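To start, the structure itself, in structure tokens.
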């Protein structure tokens with residue numbers, strides 16, 4: 001991977017990776033906190049099973065669109081201003097979700113909150129790219145992932161626990177609070193890492209041309225294809241997970257705990273990633289992880305069709321899958337951005353947009369194929385893993401062609 005031996009380009013404040021992780025957690029919190037509430041939302045609005053999936057699909061779609069907008073903004077205005085504006089928009093739209101009178105209004109609120117919340121995904125990655133590249137960036141990303149990982153670990157369990165005492169609407173009240181705290185962190189503590197001389201003047205035509213140029217670059221395209229397939233696989237479980245409440249007759253609190261368990265291997269493998277890269281190199285780490293997720297998802301798919309998978313077995317197979325995906329996602333993202341130092345914000349946004357379009361597709365499909373069992377989840381997991389195999393073949397071919 002080009003630039004793998006580079007060192008950080010500027011001194012990094014010790015607190016910065018942890019603060020960036022806290023900001024990036026806006027996305028996981030917004031996705032995971034209210035998953036245990038899907039059944040209650042559907043019952044509250046008098047809608048059938050699977051109807052709440054539309055709110056997850058609109059969140060992912062808004063996150064995809066928002067990253068394109070935020071990417072252009074962060075290369076034009078710097079890192080601080082778009083992130084501050086985005087977190088404030090996220091807070092206001094989350095308030096709208098808490099007060100939504102119906103599913104349509106809730107879906108719209110989720111879309112608007114995602115537009116603002118997208119800045120919390122785009123800008124931290126661009127800040128990391130401003131500071132470092134290659135293995136140095138991988139180390140920072142590992143620190144960031146450690147903090148970011150707390151959100152998907154705790155959010156479902158917290159959401160499920162709170163639902164035993166409060167309405168689902170108060171979960172969005174928590175999102176409002178988190179968004180305001182994030183705004184305060186940006187305002188008081190985030191340094192500007194993109195000086196004015198390195199910014200791009202705003203021009204729609206130039207922005208579109210820049211996006212097109214990035215997308216056409218084979219190294220970026222192949223690794224973004226891979227990260228999108230990995231995200232589809234991740235959200236195949238996340239999007240369909242509310243079915244566990246009815247399929248296994250468990251409480252929302254227990255569902256939250258199970259979602260937490262499923263997230264742990266992803267976080268652990270992301271922390272091991274820099275050490276594995278140093279020993280085995282990028283190709284072997286990604287290749288081994290692709291094989292791992294294919295094996296785990298294949299076993300889950302076959303098992304779900306031969307008999308009713310016991311809940312511990314199902315969660316164990318999901319955990320094996322997420323462990324492999326935790327090695328694919330950060331490496332694919334770092335590789336995708338490695339050749340676009342001057343347009344790190346735009347490249348980060350474009351990669352995120354493609355990724356979350358895949359997640360939006362996953363959320364939409366989850367609502368369509370839902371049948372009250374975990375079989376659709378295993379089918380989508382296997383589909384994502386098979387696409388990952390294709391993406392790995394494309395990535396290796398591009399690498400050989402670029403090396404010539």
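Before moving on, here are some points about what is shown:
- Hey, residue 72 touching a helix residue (DSSP H, G or I) at 6+ places or on another chain (Cβ under 9 Å), in a helix (DSSP H, G or I) and modelled with pLDDT under 95 or not: yes
Residue by residue, here is whether (1) over 11 Å from the mean Cα position of the chain (by Cα); (2) farther than 19 Å from residue 31 by Cα holds:
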| site | (1), (2) |
| --- | --- |
| 322 | yes, no |
| 325 | yes, no |
| 332 | yes, yes |
| 338 | yes, yes |
| 348 | yes, yes |
| 352 | no, no |
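- Odd one out for residue 373 among (1) in contact with a helix residue (DSSP H, G or I) (Cβ under 6 Å, 6 or more places away or on another chain); (2) crowded, with 21+ Cβ neighbours inside 10 Å; (3) over 19 Å from residue 129 (Cα atoms): (2)
- Some residue of the stretch 178-189 being more than 23 Å from the chain's Cα centre (by Cα), surrounded by fewer than 21 Cβ atoms within 10 Å (Cβ to Cβ), at pLDDT below 90 and over 19 Å from residue 27 (Cα atoms): yes
- Test: residue in the stretch 284-295 that is under 21 Å from the mean Cα position of the chain (by Cα), part of a helix (DSSP H, G or I) and closer than 30 Å to residue 48 by Cα: no
- Test: residue in the stretch 383-396 that is farther than 30 Å from residue 193 by Cβ and out of contact with any helix residue (DSSP H, G or I) (no Cβ under 9 Å at 6 or more places or on another chain): yes
- In the stretch 193-274, counting only helices (runs of 4 or more DSSP H) that sit wholly within it, the ones holding 3 or more residues that are buried (at least 23 other Cβ atoms within 10 Å of the Cβ) span 218-240.
- Residue match in the stretch 89-112 (condition: in contact (Cβ under 8 Å) with a residue 24 or more places away in the chain and under 16 Å from the mean Cα position of the chain (by Cα)): yes
- Residue check for residue 153: modelled with pLDDT of 80 or more, in a helix (DSSP H, G or I), under 22 Å from residue 35 (Cβ atoms) and in contact with a helix residue (DSSP H, G or I) (Cβ under 6 Å, 6 or more places away or on another chain): no
- Some residue of the stretch 33-48 being at pLDDT 85 or above, in contact with a helix residue (DSSP H, G or I) (Cβ under 9 Å, 6 or more places away or on another chain), surrounded by fewer than 24 Cβ atoms within 10 Å (Cβ to Cβ) and not in a helix (DSSP H, G or I): yes
- Some residue of the stretch 301-316 being at pLDDT 90 or above, in a helix (DSSP H, G or I) and crowded, with 24+ Cβ neighbours inside 10 Å: no
- Going through (1) in contact with a helix residue (DSSP H, G or I) (Cβ under 6 Å, 6 or more places away or on another chain); (2) modelled with pLDDT of 80 or more; (3) surrounded by fewer than 24 Cβ atoms within 10 Å (Cβ to Cβ); (4) part of a helix (DSSP H, G or I) one by one, residue 104 falls short only on (1).
- Among residues that are at pLDDT below 95, surrounded by fewer than 24 Cβ atoms within 10 Å (Cβ to Cβ) and closer than 27 Å to residue 211 by Cα, residue 348 is not included.
- Extreme residue, farthest from the chain's Cα centre (by Cα), among residues of the stretch 368-404 that are outside any helix (DSSP H, G or I) and free of Cβ contacts under 8 Å to residues at least 12 places away in the same chain: 404
- Filtering 365, 327 for residues that are at pLDDT 90 or above, in contact with a helix residue (DSSP H, G or I) (Cβ under 9 Å, 6 or more places away or on another chain) and crowded, with 17+ Cβ neighbours inside 10 Å leaves a single hit, 327.
The values are calculated or read from the model by the stated rules, or taken from the named source; none is laboratory data. The structure presented is a predicted model; accordingly, all values stated were derived computationally and were not measured. Glycine also receives a Cβ, built like all others from the backbone with ideal geometry; neighbour counts cover every protein chain displayed.
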